[in-house]
1. If you count only protein heavy atoms and use a 1.4 Å probe, how large is the accessible surface of THR178, to the nearest 10 Å²?
2. Please list, in chain and number order, the residues 5+ apart from ALA12 or on another chain whose amide H is under 5 Å from its amide H, with Hs placed from the backbone.
3. Just want to confirm a number: the relative contact order over segment 58-161, from Cα pairs under 8 angstrom separated by 6+ residues, in percent.
4. Which log10 I(q)/I(0) values, to two decimals, does segment 112-220 give at q = 0.10, 0.21, 0.24 Å⁻¹ under the Debye formula with one point per Cα?
5. Got the relative contact order for the chain handy, in percent, Cα pairs under 8 Å and 6 or more residues apart?
6. With each pseudo-label sitting 7 Å past Cα toward Cβ, what's the ALA14-ASP143 distance in nm, one decimal?
7. Skipping prolines and chain starts, which residues have an amide H placed within reach, meaning under 5 Å, of the one on THR98, given they are 5 or more residues away or on another chain?
8. Tally the DSSP beta bridges in the chain and give the antiparallel ones as a percent, rounded to 5.
Amino acid sequence: MDPDTPNFDSVARAYRWMEYASFGPMLERCRFHFLPQSSAARHALVLGDGDGRFTARLLASNPTVQVDAVDASPAMLDILRQRARNNCQNAETRLSTTQADIRHFTPPGNDYDLVVSHFFLDCLTDEEVHALVARICPSMTPDAIWLVSEFAVPPRGWKRVAARTLIRCLYFAFSVLTGLRIRHIPDYAKSLNDNGFHPVDRVAFLGGLLAAELWKPPSG
């Protein structure tokens, strides 16, 4: 593994409880907000789902979707596969997992009508997000959607100050726990726009600290 790749193995088992202790159920609400819009998906690419809560829910709610899940952490992928099996009887036949550094990842399929990145793009730089979007776009179908959940900074007022302080604290904590070197949320919206994507819907949570978004590819 590249020495610059953060190692989430050490927090894999505790990740869910760390999340609940910090934000309660709000990150899950953000992840699952646009799940109904994925009910007709046939082939999904899930990037960095961690312990697999979205992947498991997707497989359980959509009985025909095939899912390719990618993560750099083998421990996270182990939990993802186990959670998928626990939530869906035929998960093993519909789920394929790849351990890879997303910065060097090329999608294995070319017919994805659903791409998912929940609280994951914040582990990349602006340049890395831009390159990732450019690599994935050709593998998406014209009717595809890209679901994004991320932390956000409100535009003004005390909420902006509070959000920036909290996000700095989160980055510091994960730098200690995983070796993550990123220190700010990348401008992923610009990367998506620059690659021809357009936003379809956006919902904010926790006063604007969290955002769930639905994007369409250039031909969508």
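The values are calculated or read from the model by the stated rules, or taken from the named source; none is laboratory data. Given the structure is predicted, the values throughout are model-derived calculations rather than measurements. Because the Cβ atoms are built from the backbone with ideal geometry, glycine has one as well, and the counts that use them run over all protein chains shown. These area figures cover heavy atoms from the full protein model, side chains too; ligands, DNA and RNA do not enter into them. Shrake-Rupley method; radii C 1.70, N 1.55, O 1.52, S 1.80 Å.
1. Accessible area of THR178: about 10 Å².
2. none
3. On the way: 107 pairs, mean separation 26.7, N = 104.
Contact order relative to length: 26 percent.
4. -0.30, -1.14, -1.33
5. Values: 406 pairs, mean separation 49.4, N = 220.
The value is 22 percent.
6. 4.6
7. Distant-sequence amide H within range of THR98: ALA69, VAL70, ASP71.
8. Working: 13 of 33 bridges.
Within the chain, antiparallel bridges account for around 40 percent of the total.
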